[in-house]
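Down below is the structure, laid out as C-alpha cells.
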Amino acid sequence: PDAILPKLAAASSAGDYLILSANLAPGTDYRLGVQRVLPLYDNDLTKEWLLTFLLHLGVERGDGKIAFEIETSPSKRYLLRMAAYFTFNPARTISVSGERFEFKSGERIRLFYSYRYTPQRIEALLNQYQFKLARSWITKSQEEGIFLCQKDPTPAACSTGG
C-alpha cells in the first residue's frame, strides 16, 4: 500500500473513482482471520511455485527451506501480512547478470508477501489518501473484497490564519 496508494492519490483528481480488490482476513478477530487463511499459502503447491524463482537462479532444492510467517507491516503497524522466506542451509553463492550474491547458512530471503485487510482497515487506509469508500462487495467467505472509492470531491479546508 505504501508504494501504490500515494501514486494513485497523486494521479487522481477530486471526484475520480478507484476500484480495487483486496485480500481480506475473515471474521471479527483480525489476527485469527489472517491465521485462518495462512494454509491457503503455506502448502506444497505454493512453496513449489515460489521455489521456481530460485531454481532458475541456480539454487538447488536441498539448499534450504521455505517457511511462511505472519508479520506486522514495517510502516503500517496495524496491518498484517503473510510472508514466505527461503532460509539457506548451507551457504550458497548465486550469480545474477554477472553480480554475485553470497548467502551464509541461516540467512534468508523473502520471496513473497501478501497483506490481509478487513473492510474497516481498507476504509481507514484509503481515507489517509483522501479516498472515500462508496461501495464494497465482499465474498461469502469474507476472504476477498472489491471496493469502489471516490477521491474526496470536497476541497481541503484552508486556514487563513489570524
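The values are calculated or read from the model by the stated rules, or taken from the named source; none is laboratory data. Please read these numbers as outputs of a predicted model, since none were measured by experiment. Every residue, glycine among them, receives a Cβ derived from its backbone with ideal geometry; neighbour counts consider all protein chains shown. These area figures cover heavy atoms from the full protein model, side chains too; ligands, DNA and RNA do not enter into them. Shrake-Rupley method; radii C 1.70, N 1.55, O 1.52, S 1.80 Å.
Residues checked against (1) of a type outside the set (Val, Ile, Thr); (2) part of a strand (DSSP E or B); (3) touching a Ser or Thr at 6+ places or on another chain (Cβ under 7 Å); (4) modelled with pLDDT of 95 or more:
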{"site": "Thr46", "(1), (2), (3), (4)": "no, no, no, yes"}
{"site": "Phe53", "(1), (2), (3), (4)": "yes, no, no, no"}
{"site": "Val59", "(1), (2), (3), (4)": "no, no, no, no"}
{"site": "Glu71", "(1), (2), (3), (4)": "yes, yes, no, yes"}
{"site": "Ser75", "(1), (2), (3), (4)": "yes, no, no, no"}
{"site": "Met82", "(1), (2), (3), (4)": "yes, yes, yes, yes"}
{"site": "Ile94", "(1), (2), (3), (4)": "no, yes, no, no"}
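From the residues in the stretch 122-151 that are of a type in the set (Phe, Trp, Tyr) and assigned to a strand (DSSP E or B), which one is surrounded by the fewest Cβ atoms within 10 Å (Cβ to Cβ)? Among those residues, the one meeting the criterion is Trp137.
Residues are listed down the side, and each one gets a yes or a no for (1) in contact (Cβ under 8 Å) with a residue 12 or more places away in the chain; (2) closer than 25 Å to Leu133 by Cα; (3) open to solvent by 50 Å² or more (accessible area, probe 1.4 Å); (4) in contact with a Phe, Trp or Tyr (Cβ under 6 Å, 6 or more places away or on another chain):
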site	(1), (2), (3), (4)
Leu55	no, no, yes, no
Ser75	yes, yes, yes, no
Lys104	yes, no, yes, no
Ser114	yes, yes, no, no
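Could you say which residue among Ala9, Ala22 is within 30 Å of Lys140 (Cβ to Cβ) and touching a Phe, Trp or Tyr at 6+ places or on another chain (Cβ under 6 Å)?
On the way: Ala9 fails: within 30 Å of Lys140 (Cβ to Cβ).
Within the list Ala9, Ala22, the selection yields Ala22.
Just to be sure before I move on: is Glu48 out of contact with any Lys or Arg (no Cβ under 9 Å at 6 or more places or on another chain), closer than 30 Å to Phe147 by Cβ, open to solvent by 40 Å² or more (accessible area, probe 1.4 Å) and of a type in the set (Asp, Glu) in the structure I sent? No.
The listed residues are Ser75, Ser105, and the only one of them that is among the polar types (S, T, N, Q) and touching a strand residue (DSSP E or B) at 6+ places or on another chain (Cβ under 8 Å) turns out to be Ser105.
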